[in-house]
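For reference, the structure is listed below as structure tokens.
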Amino acid sequence: MALKDILVHVDSSKHNAARMDAAISLAVDHEAHLTGLYVLTHAHIPGYIRAQISAEVLEVQAKAAEEAAKKAEAAFREAAERAGLVFEWRQVSGELVETLSLHARYCDLVVAGQHDPDDGDLNGGGDMPDRLILSVGRPVLLIPYVGHYENLGQRIMVAWDSSRLATRAVNDAMPILQKAKHVDVMAVNPAEAEEGHGEVPGADICLHLARHGVKAEAHHVSASDVDPADMLLSRAADEGIDMIVMGAYGHARWRELVLGGVTRHMLHHMTVPVLMSH
């Protein structure tokens, strides 16, 4: 499968430029069509409170939202035109996750941002990007809210645990893996994996990748006293990794919310872009 149709979530946050630059970089590398989607959301205001807000105040808020959307559109168009891309702009009103999911189902990849708690509900609050990952049916590339990631996908780490979700993530990321200069397949605590790894952890998936023209190296590490997500991020820093590929929510989301989990930890603490599939 080629990566030919990319959608990027555009908003008015301070992190929007880094997200757009990452999406544009991928679109250029893969000669892909890029869609910028801006979702005009409306805060739910109970009727008894809305009745106390003047029409003028509501009108000012609506006008401010439209102005923010226009600024975001201008920035997107300027960046996409400068890159020489084939692109389109969409501005839609609706609930953020539902709208993003609907439009992204007609693309190969959706680029979204890590939730920044300082942004409040600007990016969907606690619903983003968790619900998007679970509902969209497409791989989601998450860009951290700290840093800038214009050149990504050169040095990739695959978080491998032999699960269905890890397998799906590898398949979804194949076009990016095929263009990478370096790919590490990392198994953390392979002896504890529910699915099993075979005699040499990561060897079988590396062989599969080789048949697709991807030169990958298998690595594994055991550290029961370190969170697996922290281990992945630590190794990523040591190896100069610029993207992690992993399956998301191998356990029920409520279980990860209560007990913690690799996906949840990664969503909160990612230091490089992470491509997640569910």
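Every number in this text was worked out from the coordinates using simple rules, so none of it is lab data. Computed from a prediction, not measured in an experiment: that's the story for all the values here. Methodologically, a virtual Cβ is constructed for each residue, glycine included, from the backbone with ideal geometry; neighbour enumeration extends over all protein chains shown.
What the table shows:
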| read-out | value |
| --- | --- |
| Förster radius 30 Å - calculated FRET efficiency between residue 268 and residue 207 (Cβ-Cβ, nearest 0.05) | 0.35 |
| Net length gained if the chain between residue 68 and residue 33 were fully extended (0.36 nm per residue, minus Cα distance) | 10.2 nm |
| Links that overshoot a 23 Å alpha carbon limit, given the list 70/179; 14/71; 4/71; 14/63; 14/70 | 70/179; 4/71 |
